[in-house]
1. Can you work out the FRET efficiency for the pair Ile210 and Glu39, with r the C-beta to C-beta distance and R0 = 30 Å, to the nearest 0.05?
2. Given H placed on each backbone N at 1.01 Å, which residues far from His27 in sequence or on other chains put an amide H within less than 5 Å of it?
3. Would you mind working out the magnitude of the charge dipole of the chain relative to its Cα centre, with +1 at each Lys and Arg C-beta and -1 at each Asp and Glu C-beta, to the nearest 20 Debye?
4. Only helical DSSP H runs with n ≥ 4 go in: add -39500 (n - 2.57) per run for the chain, normalise by residue count and round the 222 nm mean residue ellipticity to 500 deg cm²/dmol.
5. For region 194-325, what % of the accessible area comes from carbon and sulfur atoms, probe 1.4 Å?
6. Net charge within 11 Å of Leu340 by Cβ-Cβ distance, Lys/Arg positive one each and Asp/Glu negative one each, not counting Leu340 itself?
7. Please report the net charge: other residues with Cβ closer than 13 Å to the Cβ of Pro243, K and R +1, D and E -1.
8. Of Ser208, Gln237, Val273, which is farthest along the charge dipole of region 146-290 in the positive direction, counting Lys and Arg as +1 and Asp and Glu as -1 at C-beta?
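The values are calculated or read from the model by the stated rules, or taken from the named source; none is laboratory data. All of these numbers come straight from a predicted model, not from anything done at the bench. Cβ placement follows ideal geometry from the backbone for every residue including glycine, while neighbour counts extend to all protein chains displayed. For accessibility, only protein heavy atoms count, side chains too; no ligands or nucleic acids. Shrake-Rupley method; radii C 1.70, N 1.55, O 1.52, S 1.80 Å.
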Amino acid sequence: MIERVLAIETSCDDTSVAIVDRSGWVHSVVSASQDLEHEAYGGVVPEIAARNHSIALIPLIEEAFKKANMNWSDIHGISVTNRPGLVGALIVGLVTAKSLSQAKHLPFLGVNHLEGHLLAPFLKDAQYAPPEDFDYPYVGLAISGGHTSLYHITALGEYRVLGATKDDAAGECFDKFAKMAGLGFPGGVKVDQMAKQGNPHAFEFPRSMIHDDTFDMSFSGLKSSGQRMIQQLGPEQVKAQLPDLCASFQEAIVDVLIAKLDRAAKVFKAKRVILTGGVSANSRLRARAEEWAAKKGLRLVVPPLRYCTDNAAMIGYVGALRMARGESSQIDLGPSPHALESDFK
Ligand code: KG4
Ligand code: ZN
């Protein structure tokens with residue numbers, strides 16, 4: 001029986017390894033961020049990401065074992081992200097997982113990264129556990145640098161995509177705005193901090209598709225509007241009004257996300273809602289979502305940051321559950337930039 005897996009995540013720019021039980025208990029999770037390597041380029045450079053994964057991965061595997069105080073005899077399978085993501089980056093994790101699977105005579109499973117994000121609230125450790133009444137079904141909003149999608153989650157493997165951004169992801173929008181405003185990369189957290197002293201109603205920014213009757217979103221208009229605003233104001237004014245600019249820009253994103261969540265919760269008569277992905281670290285989004293959930297009598301679960309951002313623990317949890325029910329991948333499994341059609345309903 002599969003009880004415990006070693007998990008590997010290399011889909012974008014974070015290298016992460018975890019040892020996780022089928023119950024969701026995380027024995028160890030260790031990650032290496034590449035933010036500094038990509039900062040000079042203002043975004044993730046796929047080739048650099050792949051190269052850094054290949055340097056960081058094996059030492060992280062050793063560290064994960066050490067932290068968990070375990071060895072290979074404690075592991076029953078290997079779980080690895082093989083989709084969606086940057087193909088060159090995914091290959092590093094996938095080839096490592098396959099090699100270890102062969103060498104250690106253990107099954108391995110290629111996992112959908114987004115499924116990891118959606119089940120992240122179930123993870124547990126000494127500092128975090130989901131509320132006792134947390135269970136399927138729930139509405140999930142996955143918001144990061146690469147994705148912004150809304151799902152209805154009813155069981156393991158039962159994920160209905162309700163809607164998604166038609167263009168840029170919310171995190172990408174935060175990052176581009178931060179870069180244009182001279183805040184550096186990745187900029188989401190810097191916009192968040194700067195916005196704390198600002199007035200969210202100081203500047204007008206568009207809230208595309210907020211009132212339409214779908215669950216889809218669009219952030220490219222907001223991104224262009226931010227760019228125009230920054231050009232019109234000029235460097236001096238941008239600097240002087242940075243808190244107001246950041247607060248107003250952030251509010252436009254948060255308004256759209258809350259409106260879409262509200263619509264999904266209503267249509268699916270949800271009792272539970274989760275936020276996941278790096279952007280769910282945003283303090284304004286968290287505060288507004290908590291306020292909204294309390295008003296509507298909904299249970300809102302936002303996993304701690306270490307399980308919201310890209311991490312291998314969530315990949316381990318999905319892999320352990322699926323391998324326990326008999327699933328495993330073949331040795332010719334490849335990486336894919338896209339999710340499989342069968343991943344979602
Ligand atoms: O999930 P994640 O770590 O990686 C993927 O993109 O998959 O998400 C990273 C994204 C970046 O765009 C980053 O700027 C954004 O999450 N982010 C934030 C905050 N912290 C991270 N955006 C807004 N406010 C934050 N506090
Ligand atoms: Zn992600």
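1. After rounding to 0.05, the efficiency reads 0.40.
2. For His27, whose amide H was placed from the backbone, the distant partners under 5 Å are Ile19, Val20, Asp21.
3. Its charge dipole is roughly 600 debye.
4. Value at 222 nm, helices only, nearest 500: -14000 deg cm²/dmol.
5. In region 194-325, the share of accessible area belonging to carbon and sulfur is 49 percent.
6. -2
7. +1
8. Ranked along the dipole, the leading option is Val273.
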